[in-house]
Amino acid sequence: MNNWLSARAAKPLVFVLAWLPFFWLAGRTLTDQLGPNPAEALVRSSGDWALRFLCLVLAVTPLRVSLGLSNLARLRRMLGLWVFFYASLHFLAYAWLDKGLELPDIARDIAKRPFILVGFVSWVLLLLLAATSWNGAVLWLGALYWRRLHRAVYLIAGLAILHFFWMRAAKNNLTEVAVYAAVLGMLLAWRVRRAWQVRIRGAPSSPGA
Ligand code: HEM
């Protein structure tokens, strides 16, 4: 991106691209093309997009370091906010279309179904990270504490996979879960290896780190 696409051009481009799943879903909803169970299709598609954006956020640093694309770092906060956007759309679709926005019903479901509880905890953590994603929050919390707090993204990834696994295990359909778990596992393994290298050598081995 340093050469073929400037950071200035990349941000608006990613912003426009990130809206596409939303407009695609809105278009299919308005034209009644979501299949026999539109509520289920909306809940599932928005959950899928939240997980896809989560994979993209976690891929930013490995790609930046491995390919020397330092400008990619500027996209991380925006991509993180898109994870929150699609996860909130997913929660809203569930709360509205599945539960008719009945808060006691939603609270009972969260308490009763472990897979819903795990999804809810990961959404609350996403809310915390989104609320502290602005520059002022780094000053307010202190850089060290802010960095520690934002490491919760790995916990969110683990909980999102557990949520997905739990839901699909009941339906005996785990192929997609395995693909996402493998992608997130590789991205996490890259981080662990890099942290280990930094500890041994005292500095990151790759350019741009
Ligand atoms: C308040 C939080 C959440 C609630 C209440 C919730 C609820 C649900 C429900 C009801 C389903 C569909 C179950 C079915 O059709 O049988 C689902 C599926 C899913 N959720 Fe969540 N979820 C939450 C948070 C999240 C988050 C934060 C993520 C990802 C970052 C996520 C990712 C997914 C995925 C990938 C699926 C499966 C979609 C598919 O089958 O293709 N969910 N969730």
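No value in this document is a laboratory result; all are computed from the given coordinates. Just so it is clear, the structure is predicted and the values come from calculations on it, not from any experiment. In this analysis, Cβ positions are derived from the backbone assuming ideal geometry, glycine residues included, and neighbour counts consider all displayed protein chains.
Using a cut-off of 9 Å between beta-carbons, work out the net charge of the residues near residue 34 (Lys and Arg +1, Asp and Glu -1, residue 34 not included). Before the final figure, lay out the partial values.
On the way: positive: 28; negative: 32, 40.
Charge balance near residue 34 sits at -1.
Summing -39500 (n - 2.57) over the DSSP H runs of n ≥ 4 in the chain and dividing by its residue number, what mean residue ellipticity at 222 nm do you reach, to the nearest 500 deg cm²/dmol? Mean residue ellipticity, 222 nm, calculated: -26000 deg cm²/dmol. Applied to segment 63-75, the Karplus parametrisation 6.51 cos²θ - 1.76 cosθ + 1.60 on θ = phi - 60° returns per-residue 3J(HN,Hα) values of 5, 4, 6, 5, 9, x, 9, 4, 5, 4, 4, 5, 8 Hz, with x for Gly and Pro.
Order of 80-86, 65-71 by packing, highest average Cβ count within 10 Å first? Write out the running numbers ahead of the final one.
Details: 80-86: 21.9, 65-71: 16.3.
Going from most to least packed, we get 80-86, 65-71.
Our summary of shape: the Cα atoms of the chain have principal axis extents of 54, 39, 35 Å, ordered from largest down, in whole angstrom.
Please state the relative contact order of the chain as a whole percent: Cα pairs under 8 Å, 6+ residues apart? Write down the numbers at each step before the final one.
Numbers: 160 pairs, mean separation 45.5, N = 209.
It comes to 22 percent, rounded to a whole number.
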